[in-house]
Amino acid sequence: MINFDLSQELREQILSLSKHQLDPFYAQPSKTQQKPHLNPLAIKAIAKQFSFEKANDPEEVVNAVIQNLKDYTVHTTHSGYLGLFNPRANYLSILADLITAYINPQLAAWSHAAYANEIERLVIQEFGNKFGYQQDEIDGTFCTGGAESNLTAILCALQYYFPAYPEEGILALPKRPIIYCSSESHHSILKAAKTVGLGKASVKSIPVEGNNGINLQLLKQVIQADRKQGNQPFMVIGTAGTTGTGIIDNLSGIASLCKTFKLWFHVDAAYGGAIIVTKHKDLLKGIEQSDSITLDLHKWFSIPMGASLFLTSKTSILQKTFQVSTAYMPADGDQVATIDPYIHSIQWSRRFIGLKIYLPLAVFGWKGYAEIIAHQFNMGIVLKNLLHENGWVIINSSPLPVLCFSHPVLLKKAQSFTTELVERVNSTGETWLSTYPINNHLTIRACITNYNTKKVDLEKIVHLLNVQILQKAPFS
Ligand SMILES: *Cc1c(COP(=O)(O)O)cnc(C)c1O
């Protein structure tokens, strides 16, 4: 039989080979994109490089895979990457993924992975405390990402307001349940509504009031109108840090509205929730009154995908929502003291996600995280000033390091000029910027999302942008 483990010698050889390929790249990838001009057909061919009809040399395969990943990936680990909320992963969290894969604990049942499960419980408690939930009112679960956390929130809210839902399903509900969120909220909410069987018609998107987030007055009117029309409002989702422009909704305002109308208050803090560990935490005021929170860890907490938290202040809701009984799962001795994640969340077999956040927290503490997040917060201010000094116009106004900007020259031109300018700047490999439309104008969007981004990186990027405007290169 083949040696599926490989020999110890070969294991060491390919591990050290991988390390030598990866470590210098981790220290600083030379470019955000090694090969920015992608040809899908050529890449399809490269993906087929090793035939499954025969055995291949492990060293050759590993080498090629690492090289191809370097060549055909946007490198979010690069300090010039100012793209979406994709971070540079800190080293301890990378190691955590490796350790997890080696030991492969099965977290579905508590008794199969007691220590790992208790690590996750601890982290959930600690984050619940940070967000201001009462000590004895904290529950939650680790998810693969914000999308799963938001889906979990909707399932919990449905269970809470429509106790017949888990048994009888959506068809048994006498009225259409309605979820409210802002027009800038994340599309994973729509996907979740489709997934649970409510459909997009059950999600009402309320316009934002400029930079102040969801229009509360309008929200109130729509809820009242829905009640009159025979719909059943049951949930409001506030966003703390919208994906496009970094808006934080008025969370206290939503909280009191939810109290008045008896609605589930969920906060999608996938990105912005991280500032809870900094001195800027007051920006999230009102989040402590929420019924549940989505917090992505693979965004501002700088750990590899996929990792997020779903937190709730309704301690029995997860159990009620996901309870099933099986004959084949191991039963735990003490049902009260322990929680089996498989009856507490969407997933069944479950990876040890929590180690990725536990290791850096145990080594650097909250103080370490406060420092790296505050640094990025400050780099946002540095970038804002640099852009301003160089004649760029900031269009959005977020307290978070998300900047949407344009230039007087671009304001007069068609959108395609901005798209082309961004493509040119990105193809230098020194940075990676995105675009985002605000009031019918396509802006350039930059988000500080890498703890290694320094002022020199930002100066270089603003210079690259200036060169494009001065040369009017995209306009010729
Ligand atoms: C990123 C994001 C999501 C989706 O999270 P994933 O981790 O990508 O699944 C949801 N909401 C907001 C506000 C986000 O920024």
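The values are calculated or read from the model by the stated rules, or taken from the named source; none is laboratory data. Being a predicted model, the structure only gives us computed values, none of them experimental. Ideal geometry is used to build each Cβ from the backbone, glycine not excepted, and the neighbour counts take in all protein chains shown.
When residues of the stretch 254-265 are filtered for being touching a residue at least 40 places away in the same chain (Cβ under 8 Å) and either under 25 Å from I444 (Cβ atoms) or within 16 Å of the ligand (Cβ to nearest atom) (or both), how many remain?
1
What's the number of the only condition in (1) surrounded by fewer than 14 Cβ atoms within 10 Å (Cβ to Cβ); (2) over 27 Å from the mean Cα position of the chain (by Cα) that Q13 fails to meet?
Q13 satisfies all of (1) surrounded by fewer than 14 Cβ atoms within 10 Å (Cβ to Cβ); (2) over 27 Å from the mean Cα position of the chain (by Cα) except (1).
Out of (1) surrounded by fewer than 18 Cβ atoms within 10 Å (Cβ to Cβ); (2) modelled with pLDDT of 95 or more, what's the single condition that is false for H441?
Of (1) surrounded by fewer than 18 Cβ atoms within 10 Å (Cβ to Cβ); (2) modelled with pLDDT of 95 or more, only one is false for H441: (2).
Looking only at the stretch 222-248, count every residue that is part of a loop (DSSP other than H, G, I, E, B) and either away from the ligand (no atom under 15 Å from the Cβ) or free of Cβ contacts under 8 Å to residues at least 12 places away in the same chain (or both) and tell me the total.
Residues in the stretch 222-248 being part of a loop (DSSP other than H, G, I, E, B) and either away from the ligand (no atom under 15 Å from the Cβ) or free of Cβ contacts under 8 Å to residues at least 12 places away in the same chain (or both): 3 in total.
Does A89 satisfy being more than 17 Å from S427 (Cα to Cα), assigned to a loop (DSSP other than H, G, I, E, B) and among the aliphatic types (A, V, I, L, M)?
yes
Can you work out which of the residues in the stretch 193-216 that are assigned to a loop (DSSP other than H, G, I, E, B), more than 15 Å from the ligand (Cβ to nearest atom) and touching a strand residue (DSSP E or B) at 6+ places or on another chain (Cβ under 7 Å) is nearest to P166 (Cα to Cα)?
Per the criteria, the residue is L198.
Does any residue in the stretch 266-280 that is within 11 Å of F131 (Cβ to Cβ) come within less than 8 Å, Cβ to Cβ, of a residue that is near the ligand (Cβ under 8 Å from one of its atoms) and at pLDDT below 95 six or more places away or on a different chain, and which pairs are these?
Pairs found: none.
Answer yes if at least one residue in the stretch 457-476 is among the hydroxyl-bearing types (S, T, Y), on the phi < 0 side of the Ramachandran plot and in contact (Cβ under 8 Å) with a residue 24 or more places away in the chain, and no otherwise.
no
Would you mind finding the one in I103, I119, I99 that is among the hydrophobic types (A, V, I, L, M, F, W, C), more than 16 Å from the ligand (Cβ to nearest atom) and either crowded, with 19+ Cβ neighbours inside 10 Å or within 19 Å of the chain's Cα centre (by Cα) (or both)?
I119
How many residues are hydroxyl-bearing (S, T, Y) and assigned to a strand (DSSP E or B) if we restrict to the stretch 253-270?
The number of residues fulfilling the criteria is 0.
Specify which of the listed residues (L151, L219, L251, L190) is more than 16 Å from the ligand (Cβ to nearest atom) and in contact with a strand residue (DSSP E or B) (Cβ under 9 Å, 6 or more places away or on another chain).
L219
Can you name every residue in the stretch 200-247 that is in contact with a His (Cβ under 7 Å, 6 or more places away or on another chain) and farther than 19 Å from D291 by Cβ?
T243
Can you name the condition, by its number, that T435 falls short on among (1) touching a Lys or Arg at 6+ places or on another chain (Cβ under 9 Å); (2) in contact (Cβ under 8 Å) with a residue 60 or more places away in the chain; (3) not charged (D, E, K, R)?
(2)
Among residues belonging to the stretch 134-148 that are more than 16 Å from the ligand (Cβ to nearest atom) and not in a strand (DSSP E or B), point out the one that is nearest to the chain's Cα centre (by Cα).
I138
Within the stretch 279-308, restricting attention to residues that are in contact with a Gly (Cβ under 6 Å, 6 or more places away or on another chain) and not in a loop (DSSP other than H, G, I, E, B), which residue is farthest from the ligand (Cβ to nearest atom)?
Among residues in the stretch 279-308 that are in contact with a Gly (Cβ under 6 Å, 6 or more places away or on another chain) and not in a loop (DSSP other than H, G, I, E, B), the one farthest from the ligand (Cβ to nearest atom) is E288.
Take the conditions surrounded by 14 or more Cβ atoms within 10 Å (Cβ to Cβ) and over 22 Å from S302 (Cα atoms) and apply them to A64. Does it pass?
So A64 fits the description; yes.
What number of residues within the stretch 196-217 are surrounded by 15 or more Cβ atoms within 10 Å (Cβ to Cβ) and not acidic (D, E)?
Total satisfying the criteria: 12.
Would you mind telling me which numbered condition in (1) within 32 Å of the chain's Cα centre (by Cα); (2) part of a loop (DSSP other than H, G, I, E, B) Q67 fails?
(2)
Spot the failing condition for A96; the list is (1) assigned to a loop (DSSP other than H, G, I, E, B); (2) under 30 Å from P29 (Cβ atoms), and only one is missed.
(1)
Of the numbered conditions (1) within 30 Å of S252 (Cα to Cα); (2) surrounded by fewer than 19 Cβ atoms within 10 Å (Cβ to Cβ); (3) under 20 Å from the mean Cα position of the chain (by Cα), Y91 satisfies every one except a single condition; which is it?
It fails just one condition, (1).
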